[in-house]
Amino acid sequence: MSEKIKFTIDDKECFAEKGQNVLDAATDNGIFIPALCHIRGVKPAGACRLCNVKIAGRLMTACTTPVESGMEIENDIPEIQDLRLAIIEMLFVEGNHFCPACEKSGNCELQALAYRYQMMVPRFPYEFPVKEIDASCPKLIIDHNRCILCKRCIRSFKDENGKNIFAFKKRGHKLQINIDEKLSANLSDEMAQKAMDICPVGAIIHKGKGFDEPIGTRKYDKVPIGSDIESVV
Amino acid sequence: MTKKITIEPVTRVEGHGKVTIYLDDNGNVVQSRLHIVEFRGFERFVQGRPYWEAPVLVQRLCGICPVSHHLAAAKAMDVIVGAGTGDGLTLTGEKMRRLMHYGQIFQSHVLHFFHLASPDLLFGIDADPAIRNIIGVAMKFKDIAVQGVMMRKFGQEIIEVTAGKKIHGTGAIPGGINKNLSIEERDRFLYGPDPMNVDKMISWSLDAVNFFKDYHKKHRELIDTFAAFPSNHLSLVRKDGAMDLYDGVIRAIDTDGKKILHDVDPQDYLKYIAEEVKNWSYMKFPYLVEYGKKDGWYRVGPLARLNTADFIPSPLAQKEFEEFKAYTNGKPNNMSMHMHWARLIETLHAAEMMKELLNDPDLQKDDLVIKGTRVNEGVGMLEAPRGTLFHHYRVNENDQITMANLIVSTTNNNEPMNIAVRCVADSMISGQKEITEGMLNAVEVAIRAYDPCLSCATHALGKMPLEVSLYDSKNNLIDKKRT
Ligand code: SF4
């Protein structure tokens, strides 16, 4: 068994495997650090910036920072928590996130984080951008109104033949997810559902089966996001 | 000199409206109008959305009877996913939805009678507005107020276990329902501690019908003549002519009871019903195509339903129905204030239906959804608390909604409400030297009998109040009262 590294998060003594990133290590020690782009086992992207922590007085993204022996990490402090709330608010105002009619409601990580961080009225003005829905793929709908550009789909979803079907197109504030028309035409229902589940929000929708999970049984209906991690240790 | 009276805002209705009344030099009414001055445009913003979102999205039109929109949209989507109409669903799917609907009818009718209408009946139309409201009722008639609150709660809890939430749930999905009813959920309603059980709801509903009948005996003149006028009546009925609030065929009768729309399929509604736009209101004016704009308008809602149905398929409500019919010798009842009587008989029917459904073991089965061949167009119709509700959608091959047309209950009652206002204006305001608050409230009482939901009707946003203004022939404002 490899040697464990000792470090602290908010003065709590923690242990990690050598080479582990701070986010995964925190999770293994029962500490929740929020993230919308990270998928364990997939190369971190540092895209959403929600996992910011303070190490030696500097802000660092926990997903891209390897743990080092003796590291002192600040996580649950007002400055960081407010920064995270500000990022969540920014994500809400930059898109069109109408939870009431969204089928991802109750299973949406962005919504769940907004509840956990008790978001009320965002401090930024709503942008109400004009965005489209791409419904041309037989199995999937891409609702650009809800996409937070986390790149999870690009980084971790491959079709049955191991090919990427998602990619970015355009640049700057016009940047958006593109779905390969030809490859996506052959997706099975199972794969389409998998794509939907990878997306943290309701931007990827498996066609034709919305709202089949009753309220009360959805992922975040009973317990807040992160409580599964916090209850482990 | 012509005078114009405006009532704005109309109070104790759902939504925002304004009444204007024009008087001539002698103070006689020459014209009256109920204007709906809000606009919301739901039909536009569902365009482009995936079809399965419609039942969840469109119900946001309303916080009072969202279940009606939720179910009407789901019924239209049943057609689109090839589950067929009405009895095409699985038994559990259909019955869970019916239970949701009766819970909804129950809570909405109770809200209207106890909270919105009872102040006029208990205190009198011309009583001081400071006490003529639900707070006044709560202070003076505590038992009635408490009953109203508990009955509404019961209905809303039925909605919660069927739709997932008391308001704006997600239960009905294209082709069925997303949950069944557990034994624990069921038993809460069947055997809950007093008063929260269905037997108590039935007995309280019966009390409410009797309360109205007593009131009627004492105030026959008011109830029988106030805003009474002949009209056509339209509603869904079951294929065998029974009252059915969830599904059926469209029937219309004229003021003498002659059938003028012969039990037609809701999918064909456009062949029979058209809507006229007038430039002074956002609310359209529907009419029967065959009879034209002038003679083809009709009433919907509890009064219309009791007029069109041949019988009510639950024993206690049927008994009351027979008495109701006997009062007009089996002829259609055209008295606006009898809407309250009809509404309470329906409340009783809804309570009886809830009991029947709660005792039905089909609600515990797991076969929830059915689908068939996808088509591109569907109509969903049902009888909402306030009357017939039409939802019509077209969907493209990418599953996006391309067209939505909604004709809501209050829109169907647009012309009748205008006529009711005119009746009251003629009988109470014409020739009077001074316009009192009591007279203005009388106008509102006539509108309120229809329990209009003005926000739904224009798919519009807002509160409920109404304003009456009085104008002269040169359009100068003479008097204005807000209630
Ligand atoms: S579609 Fe979903 S997974 Fe892909 S970038 Fe957008 S939000 Fe992330």
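The values are calculated or read from the model by the stated rules, or taken from the named source; none is laboratory data. Note that the structure is a prediction, hence the values are computed from the model and not measured. Neighbour counts run over all protein chains shown; Cβ positions are idealised from the backbone, glycine included. We work out accessible area using only protein heavy atoms, side chains counted, and drop any ligands, DNA or RNA first. Shrake-Rupley method; radii C 1.70, N 1.55, O 1.52, S 1.80 Å.
General remarks:
- Average Cα contact separation per residue, the range B:235-306, under 8 Å, 6 or more apart, as relative contact order %: 22
- Given +1 at the Cβ of Lys and Arg, -1 at the Cβ of Asp and Glu and no other charges, the dipole of the protein assembly as shown around its Cα centre is 1320 debye to the nearest 20.
- When each of A:LYS139/B:LYS371; B:LYS75/B:LYS319; B:LYS153/B:LYS239; B:LYS213/B:LYS325; B:LYS213/B:LYS331 is checked by Cα-Cα distance, pairs over 22 Å: B:LYS75/B:LYS319; B:LYS153/B:LYS239
- Prolate/oblate/rounded label for the range B:222-284 (Cα gyration tensor, a/c 1.5): oblate
- Rounded to the nearest 20 debye, the dipole magnitude of chain B is 900 debye, with +1 charges on Lys and Arg beta carbons, -1 on Asp and Glu beta carbons, and the Cα centre as origin.
- Cleavage-rule hits (trypsin sites (Lys or Arg not before Pro)) in the range B:277-346: DSSP loop, at most 15 neighbouring Cβ within 10 angstrom: B:LYS278
- Over all directions, the projected convex hull of the C-alpha atoms in chain B averages 21.0 nm² in area.
- Within the same chain, lysines fewer than 8 places from A:LYS174 are excluded, and of the rest, those with a Cα less than 20 Å from its Cα are A:LYS131, A:LYS151.
- Over the protein assembly as shown, accessible surface divided per residue gives 40 Å², non-protein components excluded, 1.4 Å probe.
- Evaluated at q = 0.18 Å⁻¹, the base-10 log of the normalised Debye intensity for chain A, with identical point scatterers placed on the Cα atoms, takes the values -1.40.
- From the alpha carbon centroid of the range A:158-233 to that of the range B:318-373 is 44 Å.
- Each of A:THR217, B:TYR246, A:GLY19 was scored by the projection of its Cα onto the charge dipole of the protein assembly as shown, and the greatest displacement toward the positive side belongs to A:GLY19; charges sit on the C-beta of Lys, Arg, Asp and Glu.
- Area buried, chain B against chain A - accessible surface, total, 1.4 angstrom probe, square angstrom: 1600
- For chain A, the cysteines with no partner cysteine C-beta closer than 4.7 Å are A:CYS14, A:CYS51, A:CYS63, A:CYS99, A:CYS102, A:CYS108, A:CYS137, A:CYS147, A:CYS153, A:CYS199.
- Segments B:68-78, A:171-181 sorted - mean Cβ within 10 Å per residue, highest first: B:68-78, A:171-181
- Minimum 50 Å² accessible area buried by the other protein chains, the range A:96-120 residues, probe 1.4 Å, relative to alone: A:PRO100, A:ALA101
- At least 50 Å² of accessible area lost relative to the chain alone, listed for the range B:173-202 with a 1.4 Å probe: B:ASN178
- The range A:4-76: relative contact order as a whole-number percent, Cα under 8 Å and 6+ apart: 40
- Prolate/oblate/rounded call for the range A:1-87, Cα gyration tensor, a/c under 1.5 rounded: oblate
- The largest-to-smallest principal axis extents of the Cα set in the range B:132-234 are 50, 38, 24 Å.
- Relative contact order computed over chain A (Cα-Cα under 8 Å; 6+ residues apart), in percent: 20
- By average C-beta atoms within 10 angstrom, highest first, the peptides A:186-194, B:409-417: B:409-417, A:186-194
- Separation of alpha-carbon centers, the range B:419-434 and the range B:62-95, rounded to whole Å: 43
- The range B:154-173 and the range A:118-138 have their alpha-carbon centroids 27 Å apart.
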